[in-house]
1. Could you give the accessible area per residue of region 1-86, probe 1.4 Å, as a whole number in Å²?
2. Relative contact order of the chain: what whole-number percent is it, with Cα pairs under 8 angstrom and at least 6 residues apart?
3. Counting only protein heavy atoms, what percent of the accessible surface of the chain is carbon or sulfur at a 1.4 Å probe?
4. What's the angle, to the nearest 10 degrees (0 to 90), between helix 74-90's Cα axis and the longest principal axis of the chain?
5. For region 1-56, max minus min Cα coordinate along each principal axis, in Å, sorted largest first?
6. Mind grabbing the accessible area of E38 for me, 1.4 Å probe, Å², rounded to tens?
7. With runs of 4+ DSSP H residues as the only contributors, calculate the mean residue ellipticity of the chain at 222 nm using -39,500 (n - 2.57) per run, divided by the residue total and rounded to the nearest 500.
8. Taking the full set of protein chains and a 1.4 angstrom probe, give the accessible area of T43 in square angstrom, rounded to the nearest 10.
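The values are calculated or read from the model by the stated rules, or taken from the named source; none is laboratory data. Remember, it's a predicted structure, so these values are computed and weren't measured experimentally. Glycine gets a Cβ as well: all are built from the backbone with ideal geometry, and neighbour counts include every protein chain shown. In case anyone asks, the SASA skips ligands and DNA or RNA and just uses the protein heavy atoms, side chains included. Shrake-Rupley method; radii C 1.70, N 1.55, O 1.52, S 1.80 Å.
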Amino acid sequence: MTETGALLAPDERVPDGFADAGAAPSAERVAGLVAAGEKVLVTLETDAREPDPGLLAAASVHAWLGARAFRVPESQAAAVRDVLDMVASIRGERPPAETRRGLA
């Protein structure tokens, strides 16, 4: 598991020590579990073969709220990894992968 969140296949079991928030849980549910001190697993589903903007938005919100593991379809894994890394960078939990100056 990485510091920016674990990615699991849709059929993988809930890791020991994690609370399963369920499939597409509400932000309130995830926030409540995190506030209770749980390490939270979120399941996000889609049939899309390309990165699904709705799934990526949900992943970013859940990551921001503190979810630590995500079950996602293989077709979404790379894009969700990018989202989790970006959220961690914005939160100051990891350095950005790239820094650019003088973009004007």
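1. Details: 4700 Å² over 86 residues.
Normalised by residue count, the accessible surface of region 1-86 is 55 Å².
2. Details: 145 pairs, mean separation 31.7, N = 104.
Over the chain, the number comes to 30 percent.
3. On the way: 3300 of 6410 Å².
The nonpolar share, carbon plus sulfur, comes to 51 percent.
4. Approximately 60 degrees, to the nearest ten.
5. Per principal axis, max minus min of the Cα coordinates gives 35, 23, 20 Å.
6. 80
7. Values: 3 runs with 39 residues, N = 104.
Mean residue ellipticity at 222 nm (helix-derived): -12000 deg cm²/dmol.
8. About 10 Å², ignoring ligands and nucleic acids.
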